[in-house]
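A short reminder: the numbers here are calculations on the coordinates, not readings from a lab. Values in this document were obtained by computation on a predicted structure and should not be read as measured data. Neighbour counts are summed over all protein chains in view; Cβ atoms, including those assigned to glycine, are modelled from backbone coordinates with ideal geometry.
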Amino acid sequence: MEISGKNVIITGGGRGIGKQFAVDLKAYGAKPYVVDVVQENLDALKNETGIPGSILDVTNEADVVAFFETYTAENGAPDVLVNNAGITADGLFIKQKGDELATFPLSKWQKVIDVNLTGVFLCGREAAAQMTKHGVRGLIINISSVSREGNFGQTNYSATKAGVAAMTVTWAKELARAGIRAAAIAPGYIRTEMTDKIDQKMKDKIVAQIPAGRMGEMKEISQTVRFIIECDYVNGRVLEIDGGLRI
Ligand code: NDP
């Protein structure tokens, strides 16, 4: 798909990796539109780059349905959805301290399931519905993670990112008849505000496990988004962009 002039919706694009996608896609000539939960970040994005956006909590079904209807009425159906919004709420499954045994709280499990799994499901469903309704041979890019293979302290997050990978394959199979592709990216450790906060000793430990010898840059994940959009033969696959972390 030619990027230029395409309608691209990015969830969770008010900051972090999603913001990078929006900025780069605009530079490539696309028409990015960002949804997020923090108005300040949307305002800053608009002021800095001119990229429009609006508040949308991807976990709220009624709001997601209404957003995709309104967006399509105003702009035409999306050509591309980047399902990027995601959160972490880490903790050990079982934690024993002396005589005390703490278990991973259901509330923390549910919170991450709601955003990372249900949010991706709802936005993917509504984007696919609008694409199909309007005959747009579009693309859904889901952001998974190398944690989908299972990662210490991330029972909830890993489960959601594995689910995201499975939904990607399912959608590629089901939506092919409408000419819609689905693909995913599984980033490794990427340098963001979040990973910048990890203390240096821990960072050194992490980097020591990465054959590339460094964390990834947001730009490198954005380049992958560009590749998936442009290369029509990428379908139903999860591209691991991790500097070799999982090899
Ligand atoms: P950030 O936390 O920087 O950005 C995520 C954005 O999503 C934030 O703006 C956040 O808002 C927003 N968001 C949270 N909940 C919702 C919601 N319910 N509805 C809409 N938007 C919401 O994360 P990253 O940029 O680091 O990560 C982006 C994606 O990449 C995620 O899916 C993450 O799991 C994945 N990933 C990241 C890696 C990394 O190393 N950073 C590695 C592998 C995968 P708020 O400002 O309130 O937090």
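Based on other C-beta atoms within 10 Å, arrange D79, D43 from fewest to most.
D43, D79
Which trypsin sites (Lys or Arg not before Pro) in the stretch 41-147 pass both tests, a DSSP loop state and at most 11 other beta-carbon atoms within 10 Å?
none
Provide the net charge surrounding E69, with neighbours chosen by a C-beta distance below 12 Å and charges set as Lys +1, Arg +1, Asp -1, Glu -1.
Every neighbour counted, the sum reads -2.
Too long at a 18 Å Cα-Cα cut-off: which of K26/K133; K26/K161; K19/K46; K161/K201; K111/K201?
K26/K133; K26/K161; K161/K201; K111/K201
Sort Y28, Y33 by Cβ crowding within 10 Å, fewest neighbours at the top.
Y28, Y33
If each of Q223 and A66 carries a label point 7 Å out from its Cα toward its Cβ, how far apart are those two points in nm?
Distance between label points: 4.2 nm.
Taking 7 Å along the Cα-to-C-beta vector as the label spot, tell me the V169-K201 distance in nanometres, rounded to one decimal.
4.0
Full-extension gain between A176 and S4, please, as 0.36 nm times their residue separation minus the C-alpha to C-alpha distance.
That pair, A176 and S4, stretches by 59.6 nm at full extension.
For the chain, build the charge dipole from Cβ charges (+1 Lys, Arg; -1 Asp, Glu) around the Cα centre, then report which of F121, Q223, Y33 sits farthest towards its positive end.
So the residue furthest toward the plus end is Q223.
With r defined as the distance between the Cβ atoms of E230 and E193 and R0 fixed at 35 Å, what FRET efficiency is calculated, to the nearest 0.05?
After rounding to 0.05, the efficiency reads 0.75.
Between V38 and Q209, what is the label-to-label distance in nm when each label sits 7 Å out along the Cα-to-Cβ direction?
That separation, rounded to one decimal, is 2.7 nm.
Going by how many other beta carbons lie within 10 Å of each one, how would you line up V65, V164, fewest first?
Lowest to highest Cβ neighbour count: V65, V164.
In the stretch 114-198, which chymotrypsin sites (Phe, Trp or Tyr not before Pro) fall in coil by DSSP and have 12 or fewer other Cβ atoms within 10 Å?
The qualifying sites are F152.
Local charge sum around F121 (other residues, Cβ-Cβ under 15 Å, Lys/Arg +1, Asp/Glu -1)?
-4
Just the Cα atoms of the stretch 7-241, one point each, no solvent: what log10 I(q)/I(0) does Debye give at q = 0.11, 0.13 Å⁻¹?
Here log10 of I(q) over I(0) equals -0.56, -0.78.
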